[in-house]
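The values are calculated or read from the model by the stated rules, or taken from the named source; none is laboratory data. What you see is a predicted model; the values in this text were computed from it and never measured. Glycine gets a Cβ as well: all are built from the backbone with ideal geometry, and neighbour counts include every protein chain shown. Calculation scope for accessible area: heavy atoms of the full protein, side chains included, ligands and nucleic acids excluded. Shrake-Rupley method; radii C 1.70, N 1.55, O 1.52, S 1.80 Å.
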Amino acid sequence: MKVLVPIKRVVDANVKIRVKADKTGVELANVKMAMNPFDEIAVEEAIRLFEAKVATEIVAVSMGGQACQETIRTALAMGADRGIHVKTDVELQPLAVAKLLKAIVAKENPQLVIMGKQAIDDDCNQTGQMLAGLLGWPQGTFASKLALAAGKITVTREIDGGLETVLLDLPAIVTTDLRLNQPRYASLPNIMKAKKKLIAETTPAELGVDPAPRLTTLKVEEPVKRKGGVKVKTVQELVDKLHNEAKVF
Amino acid sequence: MDLETRAHLKETVRRFVRERLVPLERKVEEDDAVPAEVRAELKRLGLFGLTIPAEYGGLGVDMATDVEIAFELGWTSPAFRSVMGTNIGIGSQGIVIDGTPEQKKKWLPKLASGEIVGSFALTEPDIGSDAASVKTRAVKRGDRYVVNGTKRFITNAPYANVFTLMARTDPSDPGAGGVSAFIVAADSKGIRLGKADAKMGQRGTKTCDVFFEDVEVPAENIIGGREGQGFKTAMKVLDRGRIHISGICVGTAERLIHESVGYAVNRKQFGKPIADFQLIQAMLADSRTEASAARALVLETAGRYDRGERTTMDAACCKYFASEMVGRVADRAVQIHGGAGYMAETAVEHFYRDVRLFRIYEGTSQIQQLVIAREMRRAFEG
């Protein structure tokens, strides 16, 4: 069974994000980038399926500028077999990514697409669902557990207030939640070997997709800074402030 | 090695060190041991084979990559590096540099995978800096040697499966020429370990005495297959090791600076962060400058090593400057932390004790000075 794992290059989770002065986006110049953590979980899960002899091939796909190949290389070092790089400098929004993935699915015929539930940069949480819609495939989103048997996949989903377990026919789309697994560190020998694995390059034009954005970003702002607290002298003053200023009762 | 792969290796080690090892530092201090699961993870990561050639199952990284990884490993407690430190350095390099093809084939793949731990036995109760005066004797009897003697402060001896042993094969030559290097299986009959040494710092690393009593070693286990080459082998091993250790010193200095800046910015006295005070700023600036200078020296020397230049003097300069530098940086780090820096809750407290060893092992600062001066004279006099 072939597994396709879409991965996104995002600002490293440990970097303190700064908004550009003109509020058009976040500062990306000289900022450390890494694989989206949810996608890392997806790669790990695919490798575990491979190690359990359920998956036979893992294809990692990323979209964007040349630097995406670094992110693909990380997936290859972890254990993916080969990569696909969709080269474009256009800002990619979830619908465009879903369309591009649909075109890749048509070529590659995977039985399973595992991807992060969302990217930590724009937090859209849309691509997996859109891809399922475009393909007409079943989807199991926010997965915290997977089990494959007899052409079906059981997905345990993390939902508000509990877990939901769904049974899907293959082929299917699964999006990963944080608790699905703990991704491995690529071993140093595998990093060296990853250099020799294949990354195929393609473009939106070759895939017959117009990736132009449909949405316009009006502005990006930093969260409001927390104001310092105040000390109150008496319980009465506290009750008074809670009632009249904070209006909690 | 191409820059992208080097960066990828470095980044992976960096993440592993900061996410996995740093949170365990306190535990290592308290238990005086590295957790068994971390040993297994370090093995899986492939770090044991860092400097062993690819044809024998290692990574065979060049010196420039070696020191970049050392910068990252130095960020955390030295006990973690010590787990594979001897396989990377003194416990394997004798075989890598001077071993026969058969010796390499037999030992290196297992050292690279971490299946076995290698250890280096040179120092003796009476022999430290005067390394050429090795007293341990190896007497040839037929197709074997019989070894008798005591080795001291032997890093990783309690875990070792194989020793690179320096022993005197020619008693008529009391100097370097009479010493040979042997590969000795740790389970050989007649090898006994002393109790683990109680040390000032570097808790979690294990050293002890190793006693050799009528230990029989096959003659084919002489490194390189020839007698009298042992001291030369040991010096080549130490040459490369010195550059690596210097990289570790730089990494530890970076960590101490990181801790110092963090503390100075957050700690308030006289109504403002102590980082506002110029006397604190002076200490931070001195540490930063010295660490940057050491880093530049180490990178420059690693590059020259990779180009095949003679780097005996430069390696000694690196070891001398970087180990003394990190001593000063650690001292300032404790000073910036004030009373807190003397308490075991802060990382700088153990690093202050840990870094003291860097000025002593694998050649004291004074030996490095002698090497530097000797090489200067040699270059001048031709």
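Points worth noting:
- Our note on the geometry: Cα centres of the range B:8-58 and the range B:243-285, 26 Å apart.
- Radius 11 Å from Cβ of B:LYS43, net charge of other residues (Lys, Arg +1; Asp, Glu -1): -1
- Inter-centroid distance (Cα atoms) of the range A:137-171 relative to the range A:71-132, Å: 19 Å
- The 3J(HN,Hα) values that the Karplus relation (6.51, -1.76, 1.60; θ = phi - 60°) gives for the range A:11-26 are, in residue order, 5, 3, 4, 8, 7, 7, 6, 10, 7, 4, 4, 8, 6, 8, x, 9 Hz. Gly and Pro appear as x.
- Only the Cβ atoms of Lys and Arg (+1) and of Asp and Glu (-1) were treated as charged; on that basis the dipole of the protein assembly as shown about its Cα centre amounts to roughly 320 debye.
- Counting 0.36 nm for each residue step from B:GLU102 to B:GLU19 and taking away their Cα separation leaves a gain of 25.9 nm.
- Per residue of peptide B:7-13, the mean number of Cβ atoms on other chains within 10 Å of the residue Cβ is 5.
- Chain A: calculated mean residue ellipticity at 222 nm from DSSP helix runs of at least 4, using -39500 (n - 2.57): -8000 deg cm²/dmol
- The protein assembly as shown: antiparallel DSSP beta bridges as a percent of all, rounded to 5: 60 percent
- Computed from the C-beta positions of A:LYS53 and A:ASN30 and an R0 of 30 Å, the FRET efficiency is 0.10 to the nearest 0.05.
- Placing dummy labels 7 Å off each Cα toward the beta-carbon, the span from A:VAL166 to B:LYS268 is 5.1 nm.
- Listed residue (B:THR136, B:PHE153, B:PHE182) projecting farthest to the positive dipole end of the range B:118-228, Cβ model: B:PHE153
- Coupling constants for the range B:69-85 follow from the phi torsions by the Karplus curve (6.51 cos²θ - 1.76 cosθ + 1.60, θ = phi - 60°), and in residue order they are 6, 4, 4, 6, 5, x, 5, 10, 3, x, 4, 5, 5, 4, 3, 10, x Hz; glycine and proline get x.
- Sequence-distant residues sharing a close amide H with A:ALA119 (under 5 Å, placed H): A:CYS124, A:ASN125
- Amide H contacts of B:GLY194 (H built 1.01 Å from N, under 5 Å, at least 5 apart or other chain): B:ASP209, B:VAL210, B:PHE211
- Going from the isolated chain to the complete set of protein chains, the range B:48-67 loses at least 30 Å² of heavy-atom accessible area (1.4 Å probe) at B:LEU59.
- In chain B, the DSSP-assigned H stretches of four residues or longer account for a calculated mean residue ellipticity at 222 nm of -16500 deg cm²/dmol, using -39500 (n - 2.57) per stretch and the full residue count as denominator.
- Over all Cα atoms in chain B, the spread is summed up by Rg and Dmax: 21.1, 79 Å.
- Legend: mean number of C-beta atoms from other chains within 10 angstrom of residue C-beta atoms, peptide A:181-188, equals 6.
- Other residues within the sphere of radius under 11 Å centred on the Cβ of B:GLU290, judged by their own Cβ, net out at +2 (K and R +1, D and E -1).
- Interface A:B - total buried accessible surface [probe 1.4 Å, Å², rounded to 100]: 1500 Å²
- Take the Cα of A:CYS124, step 7 Å toward its Cβ, do the same at A:LYS219, and the gap between the two points is 2.4 nm.
- Environment charge at B:GLU220 (Cβ cut-off 15 Å; Lys +1, Arg +1, Asp -1, Glu -1): +2
- Taking the Cα centre of the range B:1-114 as reference, the dipole from Cβ charges on Lys and Arg (+1) and Asp and Glu (-1) amounts to some 280 debye.
- The count of lysine pairs in the range B:118-228 that are at least 8 places apart or cross chains, and whose C-alpha atoms lie under 24 Å apart, stands at 12.
- Packing rank of A:204-215, A:170-181, B:120-131, where each peptide gets the mean count of other beta carbons within 10 Å, highest leading: A:170-181, B:120-131, A:204-215
- Couplings 3J(HN,Hα) of the range B:106-120, computed from phi: 6, 9, 5, x, 6, 5, 5, 7, x, 4, 10, 10, x, 9, 10 Hz, in residue order, whole Hz [Karplus 6.51 cos²θ - 1.76 cosθ + 1.60, θ = phi - 60°; x for Gly and Pro].
- Residues considered: B:LEU357, B:LEU193, B:LEU279. Largest GNM mean-square fluctuation over chain B, using C-alpha springs under 10 Å, is found at B:LEU279.
- Figure legend: label point modelled 7 angstrom from the Cα of B:ASP286 along Cα→Cβ; residues of the range B:240-259 with amide N under 16 Å from it are B:257.
- Computed E for B:GLU216/A:ALA150 - FRET, C-beta separation, R0 60 angstrom, nearest 0.05: 0.45
- Taking Cα centre as origin and charging only the Cβ of basic (Lys, Arg, +1) and acidic (Asp, Glu, -1) residues, the dipole magnitude of the range A:176-249 rounds to 480 debye.
- Toward the positive end of the charge dipole of the protein assembly as shown, with +1 on the Cβ of Lys and Arg and -1 on the Cβ of Asp and Glu, the farthest Cα among A:GLY25, B:LEU45, A:ASN14 is that of A:ASN14.
- The range A:201-249 versus the range B:348-376: alpha-carbon centroid distance in Å: 53 Å
- A Förster radius of 22 Å, combined with the Cβ-Cβ distance separating A:LYS23 from B:ASP2, puts the computed FRET efficiency at roughly 0.05.
- B:PHE120 long-range amide H proximity, modeled H, under 5 Å: B:THR155, B:THR164
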